[in-house]
1. Can you give me the long-range amide H partners of T67? Hydrogens built in the peptide plane at 1.01 Å from N, cutoff under 5 Å, separation of 5 or more residues or another chain.
2. When only Cα pairs under 8 Å and 6 or more residues apart are kept, what is the percent relative contact order across region 91-162?
3. Can you pick out the pairs among K14/K51; K58/K142; K46/K142; K34/K99; K58/K99 whose Cα atoms lie more than 25 Å from each other?
4. Trypsin sites (Lys or Arg not before Pro), restricted to region 4-71: which are DSSP loop and have at most 12 other Cβ atoms within 10 Å?
5. Considering only the other residues whose Cβ falls under 12 Å of the Cβ of Y16, what net charge follows from Lys and Arg at +1 and Asp and Glu at -1?
6. Explain nothing, just compute: Karplus ³J(HN,Hα) = 6.51 cos²θ - 1.76 cosθ + 1.60, θ = phi - 60°, for every residue of region 53-67 in order, whole Hz, x for Gly and Pro.
7. List the pair-distance distribution P(r) of the chain, using every Cα-Cα distance, as the percent of pairs falling in each 5 Å bin from 0 up to the bin containing the longest distance, rounded to whole percents.
8. May I ask you to list the chymotrypsin sites (Phe, Trp or Tyr not before Pro) in region 98-162 that are in a DSSP loop and have at most 15 other Cβ atoms within 10 Å of their Cβ?
Amino acid sequence: MDSARASVRLGAEKVYILYRRDAEYMPARELDIKEALEDGVEIMYKTKVVKGKTEDGKISGIECIKTEVIDGKAVDVEESEFFIKADTIIFAIGLLPDKQILRQAEIELDRDLIHVDGHGMTNRDGVFAGGDLIEARSYVCKAIESGKIAAWNIAKYLLTNN
């Protein structure tokens, strides 16, 4: 929610949160969801990212598939694939990174986690990461700190590269 809302405040034309299950399962506070919607963030429930796409070495969007929730699990809906054009993608999820997507995007990994510099940037220009994606078995405060570092540097990057 924080990444999406910060993106809106920094002038992103369109901001989506993609979530593979429905609102009932979303691990966010109702207040955070309400405020994100008020800020103009669009939440796409029952949507799973399949893979990121690049064109000429830059992010061009993401391939997605619709899901349905069965016994609390997201199950792909056959023949429901679609594409979202995007020039910026922020992965903000508290699980291990999807190595297949990251390898396709040529993002460097270190022991199954995303390798970043001191500013939270990966080896790909304009691609940042923080939190559980960069540190295993970390304290919440460390994850928040790395997320804030990445968010701050995303803002600086967007302001100087647009």
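Throughout, read-outs are computed from the coordinates displayed, never taken from laboratory work. As the structure is a prediction and not an experimental result, all values here were calculated from the model. Reconstructed Cβ throughout: ideal geometry from the backbone, glycine too, with neighbour counts over all protein chains shown.
1. T47, K48, V77
2. 27
3. Table pairs above 25 Å Cα-Cα are K58/K142; K46/K142; K34/K99.
4. Here the sparse-neighbourhood loop sites are K14, R29.
5. 0
6. Here the 3J(HN,Hα) series is 10, 10, 9, 6, x, 10, 5, 10, x, 9, 8, 10, 9, 6, 10 Hz.
7. In order of increasing distance, the bins hold 2, 8, 16, 20, 23, 18, 9, 2, 0, 0 percent.
8. Here the sparse-neighbourhood loop sites are Y139.
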